[in-house]
Amino acid sequence: MDVGRLLVSESAGDNVFVNQAIEAAIAETVKEDEIALYLWRNSDCVVIGRNQDAYAECDVNALESEGGLLARRTSGGGAVWHDLGNLNFSFVYREGAFSREEGYSTVISALSSLGVGAELGGRNDLMFEGGKLGGNAYYKRGGTELHHGTILVSTSPERVARFLTPPDEKFAGKGVRSVASRVTSLRDILEGVSAERVAAALKEAFFAARPGAEVSALSPVAIGAEKIMRWTGFFSREEWRYGRKEKGSKRVPVTLFGERAVAEISSDGRLKRVYSDSLDADAVSAVNAALGENDEADIFENISGAREEAERLLASVKEGGIV
């Protein structure tokens with residue numbers, strides 16, 4: 001697909017819900033011959049993946065008592081800490097106009113131009129000499145694709161670990177003792193680095209990959225205030241952010257499509273829903289839709305194997321042999 005225009009949008013605010021809303025509104029706005037790069041930073045918050053259990057992944061009470069916010073994104077993956085030392089990037093495009101590989105290449109090229117030889121590692125991590133500099137996640141809906149991620153510029157690893165509480169088994173066999181021990185930031189590598197400098201490098205790499213395309217700034221006015229307000233309301237909803245937990249229910253470890261997950265079992269023994277940090281957020285949502293715990297069941301009916309996986313889990317609950 002020929003791409004005629006590169007759109008660049010940079011948020012002037014640091015509220016996570018508004019910034020998420022701008023990203024979602026861009027996804028509604030981008031045309032087939034366009035690729036958008038959105039750059040944004042949030043004040044203190046933890047952002048969890050679409051299908052994660054907020055309270056299992058984050059010390060929500062401590063976070064909120066210290067002025068932080070809990071947010072949930074539409075993409076899959078794990079929980080991440082955001083503050084003003086963390087630069088977020090989003091590539092938004094119509095299917096076929098761009099790819100995850102091009103997104104990776106853009107980010108790695110940008111860091112290389114700053115003298116940092118980063119590489120991909122793990123499922124979706126941005127790595128430098130064994131330390132995690134950031135991560136990536138993905139979302140696709142209605143022919144529009146979103147690849148977004150984080151780059152830790154000056155965030156302290158201790159701040160990253162302060163409110164994140166991943167299950168111990170997540171680190172099993174990896175020789176890793178804590179969240180903080182896995183994380184590094186650009187300030188530990190580059191003297192005098194700033195989020196503005198990294199943002200400029202990302203834009204230059206983005207433009208360099210498509211030298212013949214027209215470049216245009218994408219302002220909130222062009223995106224549409226009504227769209228942004230609607231999406232801000234969606235992302236700030238308590239039910240979306242915290243999820244629903246039935247009184248008296250319990251959480252038990254299970255496998256879902258071969259990956260670690262957690263099932264919520266009601267007080268009378270019914271399987272309510274499944275939580276997971278799988279990067280395939282739609283597949284997990286499809287299983288929950290099959291369990292009757294998702295309002296968008298019609299969207300996910302055709303996800304391959306979802307109904308079968310839900311039936312397998314339901315059978316395990318009935319037999320008392322949750323796996």
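A short reminder: the numbers here are calculations on the coordinates, not readings from a lab. Predicted, not measured: the structure shown is a model, and the values here were computed from it. No Cβ is skipped: glycine too gets one built from the backbone with ideal geometry, and neighbour counts run over all protein chains shown.
Kindly work out what percent of the DSSP beta bridges joining two residues of the chain are antiparallel, to the nearest 5.
Just about 75 percent of them are antiparallel.
With viscosity set to 1.306 mPa s at 10 °C, what whole-number translational diffusion coefficient in µm²/s follows for the stretch 61-146 from Stokes-Einstein and a Kirkwood radius over Cα pairs?
D, rounded to a whole number, is 107 µm²/s.
So, in Å, what gap is there between the alpha-carbon centers of the stretch 270-290 and the stretch 122-145?
20 Å
Helix 306-319 against the longest principal axis of the chain: what's the angle in degrees, Cα atoms only, rounded to the nearest 10?
Around 30 degrees separate the two axes.
The stretch 64-139: which GluC sites (Glu not before Pro) are DSSP loop and have at most 12 other beta-carbon atoms within 10 angstrom?
Passing both the DSSP loop test and the Cβ count: 66, 129.
Taking a label point 7 Å from the Cα of residue 28 along the Cα→Cβ vector, which residues of the stretch 46-70 have an amide N closer than 12 Å to it?
Counting backbone N atoms under 12 Å from the label point, the list is empty.
Which entry is the computed Rg and Dmax of the Cα atoms in Å for this structure: (1) 26.5, 82; (2) 19.8, 62; (3) 18.6, 59?
Here the calculated entry is (2).
Please tell me the relative contact order of the chain in percent, rounded to the nearest whole number, where contacts are Cα pairs under 8 Å and at least six residues apart. Show your work: numbers first, answer last.
Numbers: 637 pairs, mean separation 65.4, N = 323.
Reported as a whole number, the value is 20 percent.
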